[in-house]
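The values are calculated or read from the model by the stated rules, or taken from the named source; none is laboratory data. Note that this is a predicted model, so its numbers are computed, not measured. In this analysis, Cβ positions are derived from the backbone assuming ideal geometry, glycine residues included, and neighbour counts consider all displayed protein chains. Calculation scope for accessible area: heavy atoms of the full protein, side chains included, ligands and nucleic acids excluded. Shrake-Rupley method; radii C 1.70, N 1.55, O 1.52, S 1.80 Å.
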Amino acid sequence: MTRRLYLSIALAAAPQLRLSRLDGPAEDFDPAASKATVLVFLSSICPISNAYQDRLRALMAATQSKPVRWLLAVANDNESPADIAAYAADTKLPLMIDRYGLMAERFGAVMTPEAVVLDARGEVRYKGAIDDAQNPARVKARPLRDAIDALLAGREVQVKSLRAFGCAIKRKDSSK
């Protein structure tokens, strides 16, 4: 079965988000379980993705008692589960694996780091960069945080996207 056919079947059969735990089993996540689901694509080998560890931890801590589900996923074909597990242990981030890059493809994510915010109906309300600068001292816009805050307050998300910057998500060539 080709990857495209598998993707079509997977999306038609499962509107939920499916990611694999580091120990192997896949798990489905239903966006209806939270007011906001934040899916962030990361990489253990991308220096720009790695520069966002502290900011992600701070955002996760700020929403810990709120109805926000965080899903941090690695979708790169060039990162082994062992490498991802070592990175997760080192950074203390709750990483998961996006097997075959299905979630990255579904939401059009092409960079690490890149975020997708879904509302409780599973509709994309924001997609793109976490903020507007790799250097925390130069950050002027925080569209990811703003999108989460808007959903939690029942308001419309003002900034729907901001071009993500970082390292390209590596996918296997599906033509082979």
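Observations on the model:
- Only residues that are hydroxyl-bearing (Ser, Thr, Tyr) and surrounded by 13 or more Cβ atoms within 10 Å (Cβ to Cβ) were counted across the stretch 51-78, and they come to 2.
- Candidates Pro81, Pro113: the one that is crowded, with 18+ Cβ neighbours inside 10 Å and of a type outside the set (Val, Ile, Thr) is Pro113.
- Failed item in (1) farther than 16 Å from Ser161 by Cβ; (2) of a type in the set (Asp, Glu); (3) touching a residue at least 24 places away in the same chain (Cβ under 8 Å), with Glu114 passing the rest: (1)
- Here Ala10 passes the criteria (1) modelled with pLDDT under 95; (2) of a type in the set (Gly, Ala, Ser); (3) closer than 15 Å to Glu79 by Cα except the one numbered (3).
- If the condition is being modelled with pLDDT under 95 and not hydroxyl-bearing (Ser, Thr, Tyr), then the stretch 138-176 contributes Lys170, Arg171, Lys172, Asp173, Lys176.
- Close pairs (7 angstrom Cβ cut-off, 6 or more residues apart or separate chains): without any contact (Cβ under 8 Å) to a residue 12 or more places away in the chain and more than 15 Å from Gln158 (Cβ to Cβ) in the stretch 125-138, among the hydrophobic types (A, V, I, L, M, F, W, C) and in a loop (DSSP other than H, G, I, E, B) anywhere: Ala133/Val139
- Residue in the stretch 10-50 that is surrounded by the most Cβ atoms within 10 Å (Cβ to Cβ), counting only those that are closer than 20 Å to Ala85 by Cβ and of a type in the set (Asp, Glu): Glu27
- Pairs where the first residue, in the stretch 60-87, is in contact (Cβ under 8 Å) with a residue 24 or more places away in the chain and more than 20 Å from Ala115 (Cβ to Cβ) and the second is open to solvent by less than 40 Å² (accessible area, probe 1.4 Å) and in a helix (DSSP H, G or I), C-beta under 8 Å, 6+ apart: Asp77/Gly101
To keep it simple, each residue is scored yes or no on (1) within 19 Å of Leu42 (Cβ to Cβ); (2) open to solvent by 70 Å² or more (accessible area, probe 1.4 Å); (3) in a loop (DSSP other than H, G, I, E, B).
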| position | (1), (2), (3) |
| --- | --- |
| Leu102 | yes, no, no |
| Val117 | yes, no, no |
| Arg121 | no, yes, yes |
| Lys127 | yes, no, no |
| Asp132 | yes, no, yes |
| Lys140 | no, yes, yes |
| Ile148 | yes, no, no |
| Gln158 | no, yes, yes |
| Phe165 | yes, no, yes |
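- Taking (1) in a helix (DSSP H, G or I); (2) of a type in the set (Phe, Trp, Tyr); (3) under 23 Å from Gln16 (Cα atoms) in turn, Tyr87 satisfies each apart from (3).
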